[in-house]
Amino acid sequence: MDRLLQPSPPASGAGHENPRRGIRISGLTCADSAGSIHDGEPGEPEVTLSPLRYHYQHRAEIEAVVQSADRDTTFATLCASIGAAISTDRTLGGRCDWVEAEAPRPVDLPVDGAASLKAAVIPVILHYSTGDPLG
């Protein structure tokens, strides 16, 4: 699998910009697997007043789904690829202070007349600060 998370180039200017913009999935080349990113919720920020900054621990999610005869190995490969993509660029091209994934909780989903699915939601925590919570 190619790199899974492809951040956009960082925005110009000082500080980190909102990482919710410009994150996309690409390069899914592992047969019988799929993934999608969900924005999640930024939650309540911590605020510093001088200078005014909003500090978020934004929880996003990556859905990983595999359907194949060797789904356990394929699923492990998909999760390892996601982990490698995150650890390669923990700042998403300068958009975050730190990005970390939590362990997936996989489940087997039976499908009538076909190989069962193995799926999991992989929580990803984006630590970032911004001068404008709307921007």
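Restricted to region 95-130, and to residues there that are in a loop (DSSP other than H, G, I, E, B) and open to solvent by less than 30 Å² (accessible area, probe 1.4 Å), the residue that is modelled with the lowest pLDDT is Arg95.
Any residue at all in region 52-63 that's surrounded by 11 or more Cβ atoms within 10 Å (Cβ to Cβ) and either without any contact (Cβ under 8 Å) to a residue 60 or more places away in the chain or over 30 Å from Leu134 (Cβ atoms) (or both)? Explain how you work it out, then say what you get.
From region 52-63, those surrounded by 11 or more Cβ atoms within 10 Å (Cβ to Cβ) are 53-63; that's our starting set.
Pick out the ones that are also either without any contact (Cβ under 8 Å) to a residue 60 or more places away in the chain or over 30 Å from Leu134 (Cβ atoms) (or both) and you get 63.
Yes; the residues of region 52-63 include at least one that is surrounded by 11 or more Cβ atoms within 10 Å (Cβ to Cβ) and either without any contact (Cβ under 8 Å) to a residue 60 or more places away in the chain or over 30 Å from Leu134 (Cβ atoms) (or both).
Contact map, region 88-108: first residue farther than 17 Å from Val65 by Cα, second residue basic (Lys, Arg), Cβ cut-off under 6 Å, separation 6 or more or different chains; pairs are Trp98/Arg90; Val99/Arg90.
The values are calculated or read from the model by the stated rules, or taken from the named source; none is laboratory data. All values derive from a computational prediction rather than experimental measurement. When we count neighbours, we look across all protein chains shown, and the Cβ atoms used for this are built from the backbone with ideal geometry, even at glycine. Calculation scope for accessible area: heavy atoms of the full protein, side chains included, ligands and nucleic acids excluded. Shrake-Rupley method; radii C 1.70, N 1.55, O 1.52, S 1.80 Å.
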